[in-house]
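Trainee: Have a look at this one before I ask anything.
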Amino acid sequence: MRSQATQSGHRTGKKIASSFGPLKVLLVEDERDIAGNIWDFLERRGHVIDHVVDGERGLARALEGGIDVIVLDLGLPRLDGLELCRRLRAAGDGVPVLMLTARDTLEDCLAGFEVGADDYMVKPFALHELEARIGVLHRRGLPPADAQLQVGDLAYAPATMLARRAGQSMPLTVAQGRILALLMRESPKVLRREDLLHALWGEEGGSFAALHTHVSALRAIIDRPFGSSMLQTIHGIGYRLCVEP
Ligand code: CA
């Protein structure tokens, strides 16, 4: 199958300024045609690309740091994308991760949110859209202005992406941190799913299923170990965060 990601269109050889600053992108992709065209496109847009072709090397490179965003293929030799992402988060690294998947492995990719991926794209995709998505992820990964949010015994510092409860410090992913910050700022109000989706993925949308997976992963971190349910689902409407009565 030829992917749109292998059709990078005309090549002017000219660098075209992107709508946001140059990003350092780690591309972990074993399909060389796709990788080459993503690389060419992003480089012409002024970004700096580091490309590796297997999961083990990808994880090692990611852990060296200095990366703004990772574009991670799901199916990789030596270490697949899910396991790479899981190990990255286990090491406390919150760098934004966008997963690439084929249509027939979309379910696996959604499981990626449980292991800390922030967004995904299904092949084939348009290269312009890939660039827009990594720009959004990067901006969200930047520390927001507010220092610390507090609801009950739960604290969250967006600058460090660390949640704190009962003396325990818990690193969150970009998406988890963003959801938690929104819910904490509005607590105890209910946030509609549509509004959360918009805040997370902007005009590009995103699905309720993906949002639900992020919220479940967040709940497993901030609630489950403490035997309480501050993060509540309002069925069919949205979510709220509040101190239990
Ligand atoms: Ca692959």
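Trainee: Would you say GLU64 is of a type in the set (D, E, K, R) and free of Cβ contacts under 8 Å to residues at least 24 places away in the same chain?
Mentor: Yes: the conditions hold for GLU64.
Trainee: Is one or more of the residues making up the range 57-67 within 14 Å of the ligand (Cβ to nearest atom) and within 17 Å of the chain's Cα centre (by Cα)?
Mentor: Yes, some residue in the range 57-67 is within 14 Å of the ligand (Cβ to nearest atom) and within 17 Å of the chain's Cα centre (by Cα).
Trainee: Moving on to the next point. Restricting to the range 83-94, give me the number of residues that are out of contact with any Leu (no Cβ under 7 Å at 6 or more places or on another chain) and either within 16 Å of the ligand (Cβ to nearest atom) or among the β-branched types (Val, Ile, Thr) (or both).
Mentor: Of the residues in the range 83-94, 1 are out of contact with any Leu (no Cβ under 7 Å at 6 or more places or on another chain) and either within 16 Å of the ligand (Cβ to nearest atom) or among the β-branched types (Val, Ile, Thr) (or both).
Trainee: I'd like the residue in the range 22-34 that is more than 14 Å from GLU131 (Cα to Cα) and open to solvent by less than 60 Å² (accessible area, probe 1.4 Å) and, out of all such residues, is nearest to the ligand (Cβ to nearest atom). Working first, answer last.
Mentor: Filtering the range 22-34 down to residues more than 14 Å from GLU131 (Cα to Cα) leaves 28-34.
Those still in the list that are open to solvent by less than 60 Å² (accessible area, probe 1.4 Å) too: 28-30, 34.
Numbers: VAL28: 9, GLU29: 7, ASP30: 5, ILE34: 8 Å.
Residue satisfying both the conditions and the ranking: ASP30.
Trainee: Scan ALA159, ALA217, ALA155, ALA175 and give me the residue that is open to solvent by less than 50 Å² (accessible area, probe 1.4 Å), at pLDDT below 90 and not assigned by TED's automatic domain parsing to the domain that holds ARG45.
Mentor: ALA175
Trainee: Can you find even one residue in the range 40-55 that is surrounded by fewer than 20 Cβ atoms within 10 Å (Cβ to Cβ), in contact (Cβ under 8 Å) with a residue 40 or more places away in the chain, over 15 Å from the mean Cα position of the chain (by Cα) and away from the ligand (no atom under 14 Å from the Cβ)?
Mentor: Yes, the range 40-55 contains at least one residue that is surrounded by fewer than 20 Cβ atoms within 10 Å (Cβ to Cβ), in contact (Cβ under 8 Å) with a residue 40 or more places away in the chain, over 15 Å from the mean Cα position of the chain (by Cα) and away from the ligand (no atom under 14 Å from the Cβ).
Trainee: Do you know which residues across the range 95-115 are within 14 Å of the ligand (Cβ to nearest atom), of a type in the set (D, E, K, R) and touching a residue at least 24 places away in the same chain (Cβ under 8 Å)?
Mentor: ASP108
Trainee: Of the conditions (1) at negative phi; (2) modelled with pLDDT under 90; (3) crowded, with 19+ Cβ neighbours inside 10 Å; (4) not aromatic (Phe, Trp, Tyr), GLY116 clears all except one; give me its number.
Mentor: (1)
Trainee: Please determine whether any residue of the range 124-133 is within 16 Å of the ligand (Cβ to nearest atom) and within 26 Å of LEU183 (Cβ to Cβ). Step through it out loud before you land on a result.
Mentor: Quick first cut of the range 124-133, residues within 16 Å of the ligand (Cβ to nearest atom) only: 124-125, 130.
Filter once more, so that each one left must be within 26 Å of LEU183 (Cβ to Cβ): none.
Checking the range 124-133: not a single residue is within 16 Å of the ligand (Cβ to nearest atom) and within 26 Å of LEU183 (Cβ to Cβ).
Trainee: Here are some conditions: (1) under 21 Å from LEU23 (Cβ atoms); (2) part of a loop (DSSP other than H, G, I, E, B); (3) within 14 Å of the ligand (Cβ to nearest atom). LEU79 meets all but one. Which one does it not meet?
Mentor: Among (1) under 21 Å from LEU23 (Cβ atoms); (2) part of a loop (DSSP other than H, G, I, E, B); (3) within 14 Å of the ligand (Cβ to nearest atom), the lone unmet condition for LEU79 is (1).
The values are calculated or read from the model by the stated rules, or taken from the named source; none is laboratory data. Bear in mind that the values here come from a model prediction, so they are computed numbers and not experimental data. Note that each Cβ is placed from the backbone with ideal geometry, even for glycine, and that neighbours are counted across all protein chains shown. Surface areas here come from the heavy atoms of the whole protein model, side chains and all, with no ligands, DNA or RNA. Shrake-Rupley method; radii C 1.70, N 1.55, O 1.52, S 1.80 Å.
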